[in-house]
Each structure stands twice: as structure tokens, then as C-alpha cells.
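As C-alpha cells, the structure follows; a few thoughts come after it.
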Amino acid sequence: MTGRYDNRNPYPLGARPEAEGIYFSFPSGEADCGILIYHAHTGRELRRIPFSEEDRRGNIYCKMVEGLRPEDVTYQFYRGRHIVPDERGRVFPGKQSFGKKSGASGKRAGFLPGIYDWEGDRCPMIPYSEAICYCLHVRGFTKHISSGVVNRGTFAGIQEKIPYLKEIGVTTLELQPAYEFEEIEEEEDRNLPPYCASESTEQNTGKKRINYWGYKKGYYYAPKGAYAASGNAPEEFKSLVKALHQNQMELVLQLYFPETVDRSEIPGILHFWTLEYHVDGFHLMGQNLPVDMLATDLLLADKKLMYYSFGQESVYDRISEPCFPHLAEYNDGYLYDMRKLLKGDENMLGCALRHMREIPEKAGRIHYLTNYYGFTLADLVAYDYKHNEANGEENRDGNDYNCSWNCGEEGTTRSRRVRQLRLKQIKNAVCILLLSQSTPLIFMGDEFGNTQGGNNNPWCQDNATGWLDWGLQKRGREILEFWKQIMAFRKKHPLIHPRKQLRLMDYISCGYPDLSYHGESAWRPSQDGRGRHVGIMLCGKYAAAENRKEDDFIYIAMNMHWESRQLALPKLPRGMYWRAAFATAGEENTSEAGTEETTDTSVVVQPRSIAVFVSENCERRKEFLRRQSTPPKKF
């Protein structure tokens, strides 16, 4: 029987178990609406329960249905002749296959089990200054047979790869849409973000296509069933989060909200994932989101919130110095400028240096050279033009403006010279990314040279183009080892990842600014807009000023010109000399340059390369003098 509860609160919308039964709450502008109840195991329709006018609160209809046990039933709503799945359903039970259209009749919502053993789980709360972000597609990350996991293309598959992710230094996973969405859709129904939408002007054909990425309005309260190997998406997702936390790693969800989503409901969605699934943060996507309100939400104060930008005046002034700065800017400004620097465009050095040191006040910043949209890192140095013919849009979709350079030949090549240059450019990109002083993000597979064959918009490619080919690890072994080397270097030296932006000042009166720039003469960087080379020195004494152990001096010699350039090595404090740490030019760099008595020692940096030096103590006078007579080294 049904009970009448005139004074019951219709919120939250959807369905919630209570002692008497299940309470349903359904927004509808039509009076002809109600509830469909199904048997959870057989799928047989059990009851059709109409809402009455007495059940109406504004445009919300709510009713208690007594005697129902949540483990025994699933449900949907109806409005007139149309079956309406519950947009706020917590789970859609049963084993689901990716790429099969379920339709409204297949989206029957169920209920979460009451208890999950989190085993004392706690979020790591990794500061942005310590975080290394890794963006991945849940299915694409392990779906390829080369992934070597048991549960390919699932949350469990990611969990199997946690040891690998730790090995390469990742702390924070960012998942492309992992909430429930309908991946099969008619072409005219696509609702993609502007940066991945089709630009086709032809009449729609009605052809069914796969929305592999999932950037559309979804069922925001349910993990995607097709991403669960077990058929129990909520439990499998929780197991992934718990395993990450046990390894001191984080999980950040991408949430895309098109204009059709009620903005007032967004805080509740974030609260739900925070409380039910213990996620560590959210990358918010979509226009006109209530980010000011979310930024000051008390429950979200220790959750990472990433958005294109946060208003300084409206948000930061309302936040006192936070115990855990949780906001972060996440936009493409760094991407385009640093790509231009990488390929040697002029007039880019000044803004590139700004990008490398920029950290917003009271917040973080996520910087990246590649992401899920656009070229992979390997394709960035192998293609001048997009090659999206397989998308079915006659290569009109995707971004035409990539700031890429193919190093002399388009696509695959047998030229050893071109391949070596591409390898060096990838290493340069790794250095630029990891030596910038905010929070780096890498897209899956870029650490070993994964390629999409020049496709810069694989939103519909649920195949080898969109899946990560782990077999490329062997061919990209040198890239992967270099990535690990630079990652270890970054973690070892705290001044490369400071908590706050460096000031370019000597504010501790040690004789050196925290950050300084140099050219062919020490302390005199080139002011010529055509310059593509610079020396960047970090003074390790300022790490101690941040309550850390004093760091080394670090000198980054960067030359993005196609000819060799000479850069001065500044004089170090007495008893110290410069030692070459690594270089992207491919040579073994174990030589040392500079002495305490030399005021203007130089290094010659090879074309399109980066060399990094660190300070060390000089112990033997004889060796010290021998080095002084050594001519400038090439790096």
C-alpha cells in the first residue's frame, strides 16, 4: 500500500530507502506521471503507481511506497507515455557492456548497499606543490590487450596498474567522465564541449555513433556500470579509491555540466561523491558553473577543485589563508605558449618564463603540454596537421590550431635524423613540464611515447586509436627512463616545486635571489624578442626559508634555437662548483664546469636542447684548478 506524507521534504530528488519503505521524489511539469517498480532479479514489472495532485510540491511529485525492500526492486519513472530513468539514480544494476544502447527501458535504477568497509580510509590531501597529475580514460587506459591486466578497461584494471603509476611518480589520477552516461547516441543528439564538437555543416544522417569520451549530460550519482569488471560499479569504484589512498595517491573526477544541467544541483553532486565515494577532488567543466559558491563550500574545503579560473576578488578575499589550498586554475594558457617555445617560435621566451614560475595566490595551477584533446606528446613532434579522417567528419572536426611541428617529415619516418630530433624534442617537453614550478599533468601514455596516429580528437574512437598501447613501452623505453629521471630530480629538489610563487628577489639577504635569469653574460638575460635561449638559476637557500632542508643551486640552460648558443654560469658561493646533472642532447654529461674563482664561466648548449646543472662542494684544490683550465663544454 502507499502512504500519504503531506509534510515530507521532497529533497533530495530521486529515491531513498526509509524505515517504512522507499520514498520517491520526481520533478515534472506534467501531472500525468508516476513510478514503475520492477523485480530486481527477474526484471518483471511489479507495479505502476501514479502520482496524484496531493503528492505535488511545486513541480515535484513525492510519495512514500510502503513495504518495498531496496534489495528486491529496481525502478523508473514515467511521464505520459514516456519512460524516464531517474537522473539521480545511485546505481544501475547488472553487468553492462560498453557500446550497447540501453535506452530508457534499460536504465532501471537500484539502491546502494548500506555498508562498505573502508578500513579506516583517509584522503592523502597532497598539496598542489607535491602533486603529479595523470589524466586517463578509464576504458582506454587498460582496454588494449598489451596492458597485461586481468580486468581490461575497468576500474579494477586501473587498480592493477597502481604499482606502475607509483613507479613513474604519479600522485593524483584524473579520470575522464566515470559517471554513468549513454555512450551510443544519434549523431544529431551529440552534446560535446566546444573543443571536441564536430564542425560538420552537412545535414545530420541519423547515424549511431559512440561517444567514447562521455562529455554530455549524464547520471551524475552513479559510477559507470560498463567500467566495472564485477558488475558492481559502486563497490569496484570504492575499492579503487581505497587502494589509491592506501598507496598515498588521490583520485580526481572530471564532471562536465552542459547548460541543460540545473546549476543549483551541482553542489549536491559534489557532496555525494565526497561522502559516498571518498574522492579527493573534482575537475569542473562547463560554462557558468557556481564556482564561487563551491570554492567556499565548507564540506569541500579539503577537496581539490579545478576550474578554468577562479575570480580573485569574489573568491580569494572571502578565504583567509587556507590550511589546505584546494583551488587550482586549469586552462590551456600554458599549453599553447610552451608548445610555441618548444618548436622555436620567436617572442615566446618572456611569457614562457612567466608560465614556468606562475603560481596563483592562495591556490594552485595545473599545467600541461598535452591532454585528452589534441595531439599526444609523440604526435606533437610528428605531425603538423590533424589526421582525423577516421572520425567520419572528413577531417573537419578537432582543433586546427595545434602549435605542433613534425621535425621535418609528416607522420612515421625512416629518417634517423628526424627520429633523433623528435626524441630530443620529447625530452625537452618533459623537462619543460617537470621543471615548471606549478603542478604538472601528463596524459596517459605520453611518458613512453603513445601515439594516436595524428588524430587530435578521438572522441568516438573506442578502438586501438583511443586505447593506450602498452606495447609501445619497449620502443619508448628511453623516453620512459628519462621521464623517471626528471621526475626523481623534481621530487629531490623542493625549490622546483615551491608552495608559493618565487619572487625574483633576495628577500633573505643571502646574496642571491630565489630565481634569476642569465644570458651570454651572468645576470644579463637577452632582451631580444628573437632570443630562444636563457639560463634559469634557482637558489637552494630559499628552500630552507620555506621550512625545508636547504637545497642545491640549480641552473637550467635552455636553448630552443636551431643553432648552438653560449650561456654564462653564474659564480657560486665559495667552495662550490657546477656539475652537469643531465641534458636532452643525448650525451653522457658527467663533466663539471665553473670554480669559486671564476666569475663568468660559460657552457655551449646544443641546438634545441636543455642542460641542467647542480651545485656541489669542491673538495680538492688540485682538481679545482684543473677544472678551471677546461674549455667550455657542449651540452
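Here are Glu66, Glu54, Glu30, Glu45: which of them is open to solvent by 20 Å² or more (accessible area, probe 1.4 Å), farther than 25 Å from Glu235 by Cβ, among the acidic types (Asp, Glu) and touching an Asp or Glu at 6+ places or on another chain (Cβ under 7 Å)?
Values: Glu54 fails: touching an Asp or Glu at 6+ places or on another chain (Cβ under 7 Å); Glu30 fails: touching an Asp or Glu at 6+ places or on another chain (Cβ under 7 Å); Glu45 fails: touching an Asp or Glu at 6+ places or on another chain (Cβ under 7 Å).
Exactly one residue qualifies, and that residue is Glu66.
Inspect the stretch 498-518 for any residue being more than 34 Å from the chain's Cα centre (by Cα), open to solvent by less than 20 Å² (accessible area, probe 1.4 Å) and of a type outside the set (Ser, Thr, Tyr) and give the result as yes or no. Steps first, please.
At the first step, the residues of the stretch 498-518 found to be more than 34 Å from the chain's Cα centre (by Cα) are 506-512.
Filter once more, so that each one left must be open to solvent by less than 20 Å² (accessible area, probe 1.4 Å): none.
The answer is no; no qualifying residue exists.
Taking the stretch 483-511, which residues are touching a residue at least 60 places away in the same chain (Cβ under 8 Å), of a type outside the set (Gly, Ala, Ser) and farther than 17 Å from Ile359 by Cα?
Of everything in the stretch 483-511, those that are touching a residue at least 60 places away in the same chain (Cβ under 8 Å), of a type outside the set (Gly, Ala, Ser) and farther than 17 Å from Ile359 by Cα turn out to be Trp483, Lys484, Gln485, Ile486, Met487, Phe489, Lys491, His493.
Taking strands (runs of 3 or more DSSP E) that do not extend beyond the stretch 200-296, which have at least 2 residues that are open to solvent by 10 Å² or more (accessible area, probe 1.4 Å) and at pLDDT 95 or above? Full working, then the answer.
Values: elements: 208-210, 219-223, 250-256, 281-285.
In the stretch 200-296, 219-223 are the strands (runs of 3 or more DSSP E) which contain 2 or more residues that are open to solvent by 10 Å² or more (accessible area, probe 1.4 Å) and at pLDDT 95 or above.
Can you pull out the residues in the stretch 141-167 that are in a helix (DSSP H, G or I) and either free of Cβ contacts under 8 Å to residues at least 40 places away in the same chain or of a type outside the set (A, V, I, L, M, F, W, C) (or both)? Don't jump to the end; show me each part of the working.
Just the residues of the stretch 141-167 that are in a helix (DSSP H, G or I), to begin with: 141-142, 145-147, 155-160, 162-167.
Result: Thr142, Ile145, Ser146, Ser147, Gly157, Gln159, Glu160, Pro163, Tyr164, Lys166, Glu167.
Are there any pairs, at least 6 apart or on different chains, whose C-beta atoms fall under 8 Å, with the first in the stretch 554-577 and more than 24 Å from Leu434 (Cα to Cα) and the second among the hydrophobic types (A, V, I, L, M, F, W, C) and surrounded by 23 or more Cβ atoms within 10 Å (Cβ to Cβ), and if so, which?
Cβ pairs passing all conditions: Leu572/Trp578.
For His326, which of the numbered conditions (1) open to solvent by 30 Å² or more (accessible area, probe 1.4 Å); (2) at pLDDT below 95; (3) not hydrophobic (A, V, I, L, M, F, W, C) fails to hold?
Evaluating His326 over (1) open to solvent by 30 Å² or more (accessible area, probe 1.4 Å); (2) at pLDDT below 95; (3) not hydrophobic (A, V, I, L, M, F, W, C) leaves (1) as the failure.
When you look at Ser129, is it touching a residue at least 40 places away in the same chain (Cβ under 8 Å), out of contact with any His (no Cβ under 6 Å at 6 or more places or on another chain) and either open to solvent by less than 20 Å² (accessible area, probe 1.4 Å) or assigned to a helix (DSSP H, G or I) (or both), yes or no? Don't jump to the end; show me each part of the working.
On the way: touching a residue at least 40 places away in the same chain (Cβ under 8 Å): yes; out of contact with any His (no Cβ under 6 Å at 6 or more places or on another chain): no; either open to solvent by less than 20 Å² (accessible area, probe 1.4 Å) or assigned to a helix (DSSP H, G or I) (or both): yes.
Against the criterion (touching a residue at least 40 places away in the same chain (Cβ under 8 Å), out of contact with any His (no Cβ under 6 Å at 6 or more places or on another chain) and either open to solvent by less than 20 Å² (accessible area, probe 1.4 Å) or assigned to a helix (DSSP H, G or I) (or both)), Ser129 does not qualify.
Can you work out which of the residues in the stretch 445-467 that are in contact (Cβ under 8 Å) with a residue 40 or more places away in the chain and either small (Gly, Ala, Ser) or part of a helix (DSSP H, G or I) (or both) is farthest from Arg152 (Cα to Cα)?
Quick first cut of the stretch 445-467, residues in contact (Cβ under 8 Å) with a residue 40 or more places away in the chain only: 445-447, 449-462, 464-467.
Next cut, either small (Gly, Ala, Ser) or part of a helix (DSSP H, G or I) (or both) only: 445-447, 449, 453-454, 464, 466.
Numbers: Gly445: 16, Asp446: 20, Glu447: 20, Gly449: 21, Gly453: 22, Gly454: 25, Ala464: 13, Gly466: 14 Å.
Per the criteria, the residue is Gly454.
Taking the stretch 391-432 as the region of interest, how many residues are buried (at least 16 other Cβ atoms within 10 Å of the Cβ), assigned to a helix (DSSP H, G or I) and touching a residue at least 24 places away in the same chain (Cβ under 8 Å)?
13
Please specify each residue of the stretch 538-572 satisfying the condition of being part of a loop (DSSP other than H, G, I, E, B), in contact with a helix residue (DSSP H, G or I) (Cβ under 9 Å, 6 or more places away or on another chain) and not small (Gly, Ala, Ser).
Here is the first cut: in the stretch 538-572, the residues part of a loop (DSSP other than H, G, I, E, B) are 539-540, 546-553, 560-564, 570-572.
Narrowing the set further to residues that are in contact with a helix residue (DSSP H, G or I) (Cβ under 9 Å, 6 or more places away or on another chain) leaves 539-540, 546, 548-553, 560.
Residues satisfying the conditions are Cys539, Glu546, Arg548, Lys549, Glu550, Asp551, Asp552, Phe553, Met560.
Can you name the number of the only condition in (1) part of a loop (DSSP other than H, G, I, E, B); (2) surrounded by fewer than 22 Cβ atoms within 10 Å (Cβ to Cβ) that Gly89 fails?
Failing condition for Gly89: (2).
Yes/no per residue for (1) modelled with pLDDT under 95; (2) farther than 30 Å from Gly34 by Cα:
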residue: Arg57; (1), (2): yes, no
residue: Phe77; (1), (2): no, no
residue: Ser105; (1), (2): yes, no
residue: Ile115; (1), (2): yes, no
residue: Arg139; (1), (2): no, yes
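When both residues are 6+ apart or on different chains and their Cβ atoms are under 7 Å apart, which pairs have a first residue that lies in the stretch 226-245 and is touching a residue at least 24 places away in the same chain (Cβ under 8 Å), and a second that is of a type in the set (A, V, I, L, M, F, W, C) and surrounded by fewer than 21 Cβ atoms within 10 Å (Cβ to Cβ)?
Cβ pairs passing all conditions: Ala226/Phe98; Pro234/Leu112; Glu236/Ala229; Lys242/Trp118; Ala243/Ile162; Leu244/Ile162; His245/Cys123.
The values are calculated or read from the model by the stated rules, or taken from the named source; none is laboratory data. Nothing here was measured: the structure is a model prediction, and the numbers come from that model. Glycine gets a Cβ as well: all are built from the backbone with ideal geometry, and neighbour counts include every protein chain shown. Note: accessible area is taken over every heavy atom of the protein model, side chains too, but ligands, DNA and RNA are not part of it. Shrake-Rupley method; radii C 1.70, N 1.55, O 1.52, S 1.80 Å.
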